[in-house]
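Some notes on the structure that comes next.
The values are calculated or read from the model by the stated rules, or taken from the named source; none is laboratory data. Just so you know, these numbers come straight off a predicted model, no measurement behind them. FYI the Cβ positions are ideal-geometry reconstructions off the backbone, even for glycines, and counts take in every protein chain you see.
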Amino acid sequence: MQMSDTRQIAATPAEVYAALLDPEMLKACVPGATEVSGSPEKGFIATVVQKVGPVKATFKGEVEITNMVPDTSLRIDGAGKGGAAGFAKGGADVRLVATEGGCELSYDVEAKVGGKLAQLGSRIIDGFAKKMADQFFNNLQETLEGPGEASAEGSAPEAEGKKGWFGRSKS
């Protein structure tokens, strides 16, 4: 299964790049992550609980970040085993380009599953993989930009004091 997407993020490429290398940010952004530890140099260890169709599993795995070009691009590869549910592995090539309003993040993702998960059929698996990638990058964007950015613009009192991940005021 492969997919690609692009999104605009109101943060500099350096801020987005730093966020992608931060284990706490990864824990906050990976849907179902209960634990993420490690470093970009040595790799991360993660525990993720997910339900795919009728199969719910706790995946324990490793995430490796390679091809790092500071503030420009990186590759994220991960593999996890979910016991009787099977395994999941995949990777993403992430590129960052500075734009007038922050940066453009584009990614190409591929994912593979095996075991009981593979028996669910490609339609369910492809939909789930797309949902996971979208949720990860949505969570990253919301965490960097601050919550409710678009909906809070019209109501200045509520927007006052909102801060993004780096503590910048977003109003």
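Restricting attention to region 11-28, the residues that are surrounded by 18 or more Cβ atoms within 10 Å (Cβ to Cβ) and either among the hydroxyl-bearing types (Ser, Thr, Tyr) or in contact (Cβ under 8 Å) with a residue 60 or more places away in the chain (or both) add up to 8.
Looking across region 107-123 at every residue that is buried (at least 16 other Cβ atoms within 10 Å of the Cβ) and under 20 Å from the mean Cα position of the chain (by Cα), the one that is farthest from Tyr17 (Cα to Cα) is identified as Val113. Looking only at region 34-54, filter to residues that are more than 24 Å from Gln119 (Cα to Cα) and of a type in the set (Gly, Ala, Ser); which one of those is surrounded by the most Cβ atoms within 10 Å (Cβ to Cβ)? Step by step, filter region 34-54, then rank; the result is Ala46. Only one of the numbered conditions (1) loosely packed, with under 15 Cβ neighbours inside 10 Å; (2) modelled with pLDDT of 90 or more; (3) part of a helix (DSSP H, G or I); (4) not polar (S, T, N, Q) is violated by Val97, and that is (3). For region 73-92, taking the residues that are in a strand (DSSP E or B) and among the hydrophobic types (A, V, I, L, M, F, W, C), the one that is surrounded by the fewest Cβ atoms within 10 Å (Cβ to Cβ) is identified as Ala79. The set of residues in region 67-87 being over 16 Å from the mean Cα position of the chain (by Cα) and hydroxyl-bearing (Ser, Thr, Tyr) consists of Thr72 alone.
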